[in-house]
1. Identify, please: which residue in the range 7-47 is free of Cβ contacts under 8 Å to residues at least 40 places away in the same chain and in contact with a Leu (Cβ under 8 Å, 6 or more places away or on another chain) and is, among those, surrounded by the most Cβ atoms within 10 Å (Cβ to Cβ)?
2. Looking at Ala7, Ala51, Ala3, can you tell me which residue is farther than 20 Å from Glu112 by Cα and assigned to a helix (DSSP H, G or I)?
3. Pull up the range 23-47, narrow it to residues that are part of a loop (DSSP other than H, G, I, E, B) and of a type in the set (Gly, Ala, Ser), then point me to the one that is farthest from Val9 (Cα to Cα).
Amino acid sequence: MSAITWANVVDFDSSLSTVNSNAQTAILAHVNAALNLDAFDGEDGYRTRLARIFLAAHLGASAVPGSSSAGAAGPIVSESGGDGLSVTYAVTAAATSGSSMSETKWGRKYLEMVRTSPTARTIVVLQWPARPRFRS
């Protein structure tokens with residue numbers, strides 16, 4: 001079995017070492033069991049392992065307020081220099097879409113893996129609930 005550990009997640013982002021151990025346990029239980037193995041490359045595949053790490057890092061970063069994992073929501077549109085260093089980010093459609101996956105760099109990396117996997121995209125589309133039809 002290719003289950004990940006919290007040490008695997010911290011290898012990608014050391015700031016996630018501060019995530020509460022109960023949260024770590026819950027996150028790992030979720031990502032190790034809930035990911036659809038057919039969406040990537042099976043239980044022992046490197047894409048499945050990486051998807052689990054990205055998803056766990058996203059959930060962990062979401063649990064740590066002010067984590068450096070959150071990243072910016074959009075491209076830089078303004079910068080300043082000197083002692084009062086300042087940066088302004090554009091608000092993109094992804095940032096306002098209501099999807100919490102776009103709120104962290106790890107969630108965005110996970111979504112990119114889904115977008116670049118024809119199998120994962122197909123599974124997501126096929127499992128999406130059908131739109132209710134109303135009779136007039």
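1. Only one residue fits best here, namely Ile27.
2. Ala7
3. Within the range 23-47, the match that is farthest from Val9 (Cα to Cα) is Gly42.
Bear in mind these aren't lab numbers, they're just calculated from the coordinates by the rules spelled out. Keep in mind the model is a prediction, meaning the values are calculated, not measured. Backbone-built Cβ (ideal geometry, glycine too); neighbour counts: all protein chains shown.
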